[in-house]
Structure formats: C-alpha cells, structure tokens
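A.B. asks: The structure follows.
The values are calculated or read from the model by the stated rules, or taken from the named source; none is laboratory data. Not measured: the values here are computed from a predicted model. Backbone-built Cβ (ideal geometry, glycine too); neighbour counts: all protein chains shown. All accessible areas refer to the heavy atoms of the entire protein, side chains included, with ligands and DNA or RNA removed. Shrake-Rupley method; radii C 1.70, N 1.55, O 1.52, S 1.80 Å.
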Amino acid sequence: MDLNENKLLINSLRKGEEKAYMFLLDKYHRRLHAYALTLVDDHSLAQDIVQNVFLRTWQYRKKLNHKYTIQSFLYKSVYNEFVNTYKKDKAMMLLQMKYYEALHQEIEKIDEKKIEEIIQLVTKEVDKLPPKCKQIFSLSKKEGLTNMEISEYLNISIKTVEAHITKAFSILKDKLDGKIEISLFLLFGVNFTQKVD
C-alpha cells in the first residue's frame, strides 16, 4: 500500500491504522514544526502546536475527507492552532497577522511534489555554504540553538555567529532568488520580516 497516495492515507487513518499515523508523523512533523516556528518563533511553543495538531488529527480521524489533501489539512490546522493560541494576545499586531496569512496562503498553493523539490533545492544550497558558515547556520536553523549557545559551543563571539548567519542568508537569498521566503520557512522556519534586513 502506497501511503503517499492521499486517498489511501486518509482511508487508512480513518480506519485507525497505526502504521498510517506513524507515516504521517515521519513525513510531516519536521515541516510542520518549521512552519509553526515561523508563526511563534519559540521552539517549545511550536512543538506544542504541532503535537496538538497531530493529536487532534488522530482523535478526529473519522472526519477526515479524502477530497482534501492531508498536507493542506495539516498546515491549515497548524495555522488555526496558532490563531487560537494568540487570539487573546493584544500584542499580536494586525500587520503581522496579515504577513502570516499571506505565507499560509502560499503554502496552500504548493503541491506535495513542489515541496519536495524546494526542500531538495534548499538542502543542496545549504550544503554548498562555506564550512564554518554552514556549521553555524545548521546549528541555528536545524538544531534550534540560540546565537549565545552557538557562541559558547564553538567558543567564538556572538558577533561572529551573527555575521556567519547573515552571510548564509545572503548567499541563500542570492541562490534561491524569489523562492527564498517560501523555501526557507518551509525547511527551517525562517521569517524574513524578523531575520533579515
């Protein structure tokens, strides 16, 4: 059975097949966590949002509809969970919400194959970064370490860490052209309104 096929996956989930749920976790957890990070910029809160989404997906699996892609459903669920988490927070500015809505709409337009292509493209370009630059960028964006933690771990100044991350963004922005925003937030949870001048 090919669980990559949307209808089969949803039917298997509706039947309560654990194998289908594990497939869902393996395939989407990292991406959804990266997406949640663009919304909350907090690793533990992003993790909570994603866990809640997966728990609810399993809890209400019988309501899943194979007319809609599971990918769209999951991204929409993460976005809705984020909105529910923050709707009482008066500090959430309208402009920020508009930005997040725009990003979410872009995500919904991308099909599964395109996401895989983007991930491969970004991974390839990250691999081409200068060694130190790549190491620091990966510690920051893949491992989720703060600049201070990277500074202590590598025994270098915070300014050096910041310089390497800025350099990495600059190189990737140049290489990925117009696809930079959608590409990097899909893979690493990068919000360019906050991270790059």
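A.B. asks: Would you tally the residues in region 28-46 being open to solvent by 30 Å² or more (accessible area, probe 1.4 Å), at pLDDT below 90 and in a helix (DSSP H, G or I)?
C.D. replies: Result for region 28-46: 5.
A.B. asks: A further question follows. For region 47-66, what are the residues that are within 26 Å of residue 8 (Cβ to Cβ) and open to solvent by less than 20 Å² (accessible area, probe 1.4 Å)? Break it down into steps so the answer makes sense when it comes.
C.D. replies: Initial filter on region 47-66 (within 26 Å of residue 8 (Cβ to Cβ)): 50-66.
Passing the criteria: 50, 53, 54, 57, 64.
A.B. asks: Any idea which of 179, 128, 141, 175 is modelled with pLDDT of 85 or more, of a type in the set (Lys, Arg) and either farther than 27 Å from residue 47 by Cβ or under 21 Å from the mean Cα position of the chain (by Cα) (or both)? Before you say what the answer is, go through the steps one by one.
C.D. replies: Details: 179 fails: modelled with pLDDT of 85 or more; 141 fails: modelled with pLDDT of 85 or more; 175 fails: modelled with pLDDT of 85 or more.
Only one candidate passes the filter, namely 128.
A.B. asks: Filter region 6-27 down to residues that are free of Cβ contacts under 8 Å to residues at least 12 places away in the same chain and exposed (fewer than 15 other Cβ atoms within 10 Å of the Cβ), then give me how many there are.
C.D. replies: 5
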